[in-house]
Protein chains: 2
Amino acid sequence: MNRNILVIEDEPAINDLICMNLEVAGYMVTPFLDGEKASAGLARHHEYDCALVDIMLPGKDGFALLPELKNFNIPVIFLTAKADVGSKVKGLKDGAEDYIVKPFEMLELLVRLEKVLERHMTQAEVIQIGDVKIDPQQRKVMKNGTEVYLKPMEYDCLMMFVRYQNKALTREQLLAGLWGQEFEGETRTVDAHVGRIRKKLDWQDVIKTIPKIGYRLEVEE
Amino acid sequence: MNRNILVIEDEPAINDLICMNLEVAGYMVTPFLDGEKASAGLARHHEYDCALVDIMLPGKDGFALLPELKNFNIPVIFLTAKADVGSKVKGLKDGAEDYIVKPFEMLELLVRLEKVLERHMTQAEVIQIGDVKIDPQQRKVMKNGTEVYLKPMEYDCLMMFVRYQNKALTREQLLAGLWGQEFEGETRTVDAHVGRIRKKLDWQDVIKTIPKIGYRLEVEE
DNA sequence: GGGGATTGTAACTGTTTTGTAACTATTTTT
DNA sequence: AAAAATAGTTACAAAACAGTTACAATCCCC
């Protein structure tokens with residue numbers, strides 16, 4: 001049960017400090033000093049169990065990194081000097097699991113990290129819906145034993161449906177969840193993606209249309 | 001979807017402040033000024049969705065209250081002036097969902113509360129009226145276990161009846177509530193929708209006609 | 001900077017929704 | 001009891017909405 005933690009923090013001293021402490025506490029650690037590199041590193045391996053992310057970073061900032069990390073199903077703890085309430089609210093609302101203000105005690109960080117990991121441990125390894133299997137670890141979708149390739153956006157969209165299965169999702173919720181609150185795009189874009197997912201998985205009746213509202217993934221309990 | 005929040009805080013000014021803000025944000029609030037009373041109150045009703053708990057309380061302190069709350073499956077956010085890391089660590093390790101240090105911004109509290117509630121969202125609130133079940137989360141209506149599809153307008157209309165159950169609703173109120181004040185349409189349009197709902201749900205006698213006025217959804221308490 | 005993959009959007013098509021009108025049934029009034 | 005008013009019901013056409021696809025802009029990796 002060796003947990004691998006991403007540490008994305010541009011201040012080398014703090015980065016080192018965090019990494020050392022995590023290692024002492026028994027974690028595997030992958031440090032990055034800027035957002036771009038971290039972002040690139042994600043695609044290659046995505047076996048991270050949690051990310052500790054500074055908000056102000058060279059390259060890509062923490063807020064920009066958040067959706068990517070969420071797509072890989074990696075919980076995020078923001079770890080930053082930005083103590084203003086606006087940032088906290090934005091960070092948490094956008095889907096960070098916690099928000100710790102610097103300077104912090106290492107012990108508190110460790111405890112909050114442990115809690116986040118604990119919460120995320122309950123997730124099923126492989127999700128099965130009808131004849132479709134989804135492996136979030138591998139980010140891979142299978143239907144009747146053969147892989148169905150979903151484009152990144154389609155996959156993310158699918159995962160949002162899975163996360164809120166049997167819940168009505170409005171187009172706006174999907175837009176906000178997949179592109180972020182500030183995205184100013186056509187709500188119809190959602191329709192296109194849903195259409196593509198339905199087609200690839202032959203899910204005409206699994207993703208139900210809720211007229212005037214949005215969609216709902218129907219899964220029997 | 002009205003969430004009921006326990007507020008256990010002995011400083012009346014802070015207690016009031018929190019309660020007021022929660023109420024403004026649309027929560028139901030149950031305040032207690034000491035641990036003993038809160039503990040006693042728990043046994044009676046345990047329909048609380050979250051508890052905001054001060055640690056230093058007369059009677060029973062927050063740490064003592066925590067196991068009790070957890071027994072009732074109520075998530076706890078500690079909300080306290082004790083900023084020392086030891087307390088934080090103890091609180092979180094013992095099973096609190098979050099730990100906010102006073103003085104805090106109300107907005108941060110609201111966001112963190114919202115996140116805790118979201119995580120605990122296991123409770124499906126379903127409205128039952130006779131043999132009809134309405135699940136607003138799913139936006140779905142069931143009768144005797146089989147889904148009855150209601151068109152968007154029919155569903156909204158039904159929900160308005162549910163919201164004002166056992167209250168007489170005039171055609172004008174229904175028009176205004178469902179189409180908006182500015183809508184310039186026939187009042188008879190309402191009749192058509194009511195007719196369709198009655199037919200689909202076999203509710204000839206559940207939605208009563210009030211001659212010359214409008215309709216009323218009759219629900220026994 | 002070039003080539004391939006991705007994706008948001010526009011445009012077109014097919015489908016569903018819905019306000020209303022017209023007709024019928026029922027209730028109230030005279 | 002007839003007339004009048006009100007409510008129930010249904011069909012339908014316009015409008016709104018959703019499905020689909022092609023494509024251009026963008027992104028990303030060599």
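Summary table
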| read-out | value |
| --- | --- |
| Count of region A:191-219 residues which are charged (D, E, K, R), within 19 Å of A:V141 (Cβ to Cβ) and in contact with a strand residue (DSSP E or B) (Cβ under 8 Å, 6 or more places away or on another chain) | 4 |
| Qualifying positions in region B:60-81 - among the small types (G, A, S) and open to solvent by 60 Å² or more (accessible area, probe 1.4 Å) | B:A81 |
| Selection from region A:160-212 of residues that are more than 9 Å from DNA strand D (Cβ to nearest atom), in a strand (DSSP E or B) and either in contact with a Phe, Trp or Tyr (Cβ under 8 Å, 6 or more places away or on another chain) or free of Cβ contacts under 8 Å to residues at least 40 places away in the same chain (or both) | A:L169 |
| Residue ID - surrounded by the fewest Cβ atoms within 10 Å (Cβ to Cβ), chosen from residues in region A:106-123 that are within 25 Å of A:E221 (Cβ to Cβ) and touching a residue at least 24 places away in the same chain (Cβ under 8 Å) | A:Q123 |
| Test: residue in region A:82-105 that is part of a loop (DSSP other than H, G, I, E, B), in contact with a Ser or Thr (Cβ under 9 Å, 6 or more places away or on another chain), open to solvent by 30 Å² or more (accessible area, probe 1.4 Å) and over 28 Å from A:V162 (Cβ atoms) | yes |
| Candidates A:V194, A:V206 - the one that is open to solvent by less than 60 Å² (accessible area, probe 1.4 Å), more than 12 Å from chain B (Cβ to nearest Cβ), more than 13 Å from DNA strand C (Cβ to nearest atom) and out of contact with any Leu (no Cβ under 6 Å at 6 or more places or on another chain) | A:V206 |
| Test result for A:D49, in contact with a strand residue (DSSP E or B) (Cβ under 6 Å, 6 or more places away or on another chain), open to solvent by 40 Å² or more (accessible area, probe 1.4 Å) and within 27 Å of A:D135 (Cβ to Cβ) | yes |
| Residue in region A:124-135 that is within 12 Å of DNA strand D (Cβ to nearest atom) and open to solvent by 60 Å² or more (accessible area, probe 1.4 Å) present | no |
| Residue under evaluation A:M153, criteria (1) assigned by TED's automatic domain parsing to the domain that holds A:K199; (2) part of a helix (DSSP H, G or I); (3) free of Cβ contacts under 8 Å to residues at least 40 places away in the same chain, criterion not met | (3) |
| Residues located in region B:7-37, provided they are in contact with a Gly (Cβ under 8 Å, 6 or more places away or on another chain) and within 17 Å of B:E97 (Cβ to Cβ) | B:I8 |
| Selection from region B:177-190 of residues that are closer than 22 Å to B:R139 by Cα and open to solvent by 30 Å² or more (accessible area, probe 1.4 Å) | B:G177, B:L178, B:W179 |
| B:V141 in a strand (DSSP E or B), touching a residue at least 40 places away in the same chain (Cβ under 8 Å) and within 30 Å of B:N4 (Cα to Cα) | yes |
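Per-residue answers, yes or no, for (1) under 22 Å from the mean Cα position of the chain (by Cα); (2) closer than 28 Å to A:G86 by Cα; (3) more than 14 Å from chain A (Cβ to nearest Cβ):
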residue	(1), (2), (3)
B:P58	no, no, yes
B:N71	yes, no, yes
B:A83	no, yes, no
B:V101	no, yes, no
B:E108	yes, yes, no
B:V116	yes, yes, no
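Residues checked against (1) assigned to a loop (DSSP other than H, G, I, E, B); (2) modelled with pLDDT of 90 or more:
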site	(1), (2)
B:A38	no, no
B:H46	yes, no
B:F63	no, yes
B:F78	no, yes
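The values are calculated or read from the model by the stated rules, or taken from the named source; none is laboratory data. Note that the coordinates shown come from a computational prediction; the quantities given were computed from them, not determined experimentally. All Cβ positions, glycine included, derive from the backbone under ideal geometry; neighbour counts span all protein chains shown. For the accessible areas, the whole protein counts, side chains as well, though only heavy atoms, and no ligand, DNA or RNA atoms are used. Shrake-Rupley method; radii C 1.70, N 1.55, O 1.52, S 1.80 Å.
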